[in-house]
Amino acid sequence: MATAKNDVREVHVAVGVIVREGRVLIARRPDHVHQGGLLEFPGGKVESEEAVQAALIREIAEETGLEIPLGTLRPVIGVRHDYGDKHVFLDVWRTDQAQGEAHGREGQSIDWLSPESLRDEDFPAANRPIIRALKLPSLLAITGDISAGDIGIEQLRKALVRLPASDRLPLVVLRAPILGAEGYGSLAEAALELCEAAGVGLVLHGPTDVFDDNPDAAGLHLPWREAEQLEARPVPEGVWLGVSCHNAQQIDHAVAIGSDYVTLGPVKPTATHPGAPVLGWAKFRDLVSCAPIPVFGLGGLEPTDLDDVQQAGGQGMAGIRYWWPQS
């Protein structure tokens, strides 16, 4: 006989990330409902046989009076969460083309807030990956080959001016696997100063001790060989934790250790690994659909592929060639 927990049906919820002038529409849940008093992104239950986009347009109109043109909705992320007494699937879509003036038509308070001001503790737990997706950029810059610290800093200086403009804090992953621990530490210290001056967040790459040595960095990106050895989150909340993944099992482990995002690939063939197996778009889409945290596509991608990545539900694209100076 199935347990009571297994008998709980999953509730499909359409969620809207409605952006206007860099701010996001946020509502406060009424005190008498599930998770009452917490903030949330507007939306509601998808009815039987109803398309999620249609449900979202209906719910937003009912809750806020805003009209959402159907063709402006883009997928953001899908989040499955088990509250114990309730299983939910948050099907999250974004638009910056909402029409009208928002007001709480069901008596709820609403406000336009900057993504930077959103705090995990103010939202239901299932909403928290959405906050990550809003704060992460759509392009994750990874450094190319760095053979020596002084050369790497000069390469980084030239590359930073090539970063595309963004309405979110740009992030650079400092990858230099051929440098030893001492060389990487010196490189990271100089790179951190350079990135701070440029208004860019520096994410370190490698084992956990590289972050311990530079705790002012914006985060840590773990190669899979490092991540698979961990059982818990190795860095504090409030800084980014990413993991390089290639399959569903690795994504599940990244989630289990508290990662904020993963990179997933290779999506397409790469010049550096000709003939190597690739995911392809269909497999990438399937893996992203099951990932409860933001996913960056990686491998053989160009900025022109960004729309395809996001249409597949990905956060964006991670790469080297689009910004790093070629020797």
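The values are calculated or read from the model by the stated rules, or taken from the named source; none is laboratory data. This one's a predicted model, so the numbers in the text were calculated from it and none came from an experiment. Here the Cβ positions follow ideal geometry from the backbone for every residue, glycine too, while neighbour counts run over all protein chains shown. Heads up: the accessible areas ignore ligands, DNA and RNA and are worked out on the full protein's heavy atoms, side chains in. Shrake-Rupley method; radii C 1.70, N 1.55, O 1.52, S 1.80 Å.
Output the residue which, of all residues in the stretch 277-290 that are out of contact with any Leu (no Cβ under 8 Å at 6 or more places or on another chain) and either surrounded by 24 or more Cβ atoms within 10 Å (Cβ to Cβ) or among the charged types (D, E, K, R) (or both), is farthest from residue 72 (Cα to Cα).
Taking the candidates together, the pick is 283.
For residue 132, only one of the following conditions fails: (1) in contact with a Leu (Cβ under 9 Å, 6 or more places away or on another chain); (2) under 21 Å from residue 241 (Cβ atoms); (3) touching a residue at least 60 places away in the same chain (Cβ under 8 Å). What is its number?
Of the numbered conditions (1) in contact with a Leu (Cβ under 9 Å, 6 or more places away or on another chain); (2) under 21 Å from residue 241 (Cβ atoms); (3) touching a residue at least 60 places away in the same chain (Cβ under 8 Å), the odd one out for residue 132 is (1).
Does any residue of the stretch 216-236 turn out to be open to solvent by 50 Å² or more (accessible area, probe 1.4 Å), closer than 24 Å to residue 292 by Cα and not in a loop (DSSP other than H, G, I, E, B)?
yes
Please return the ranges of strands (runs of 3 or more DSSP E) entirely within the stretch 24-112 where 3 or more residues are buried (at least 19 other Cβ atoms within 10 Å of the Cβ) and within 24 Å of the chain's Cα centre (by Cα).
So the answer is 74-82, 87-95.
One residue is enough: does the stretch 275-289 have a residue meeting the conditions in a loop (DSSP other than H, G, I, E, B) and of a type in the set (S, T, N, Q)?
Within the stretch 275-289 (the criterion being in a loop (DSSP other than H, G, I, E, B) and of a type in the set (S, T, N, Q)), the answer is no, since none of the residues qualifies.
Hey, can you tell me all the residues within the stretch 291-318 that are assigned to a loop (DSSP other than H, G, I, E, B) and either modelled with pLDDT of 95 or more or open to solvent by less than 40 Å² (accessible area, probe 1.4 Å) (or both)?
Once the filter is applied, which keeps residues that are assigned to a loop (DSSP other than H, G, I, E, B) and either modelled with pLDDT of 95 or more or open to solvent by less than 40 Å² (accessible area, probe 1.4 Å) (or both), the stretch 291-318 yields 291, 292, 293, 294, 299, 300, 301, 312, 313, 314, 315.
Quick one: count up the residues across the stretch 240-258 that are within 11 Å of residue 292 (Cα to Cα) and buried (at least 23 other Cβ atoms within 10 Å of the Cβ).
1
Being out of contact with any Ser or Thr (no Cβ under 9 Å at 6 or more places or on another chain), part of a loop (DSSP other than H, G, I, E, B) and closer than 28 Å to residue 307 by Cα is the filter here; which residues of the stretch 126-163 pass it?
Matches in the stretch 126-163: 136, 143, 161, 162, 163.
Has the stretch 126-140 got any residue that is buried (at least 18 other Cβ atoms within 10 Å of the Cβ), within 20 Å of residue 318 (Cβ to Cβ) and polar (S, T, N, Q)?
Yes.
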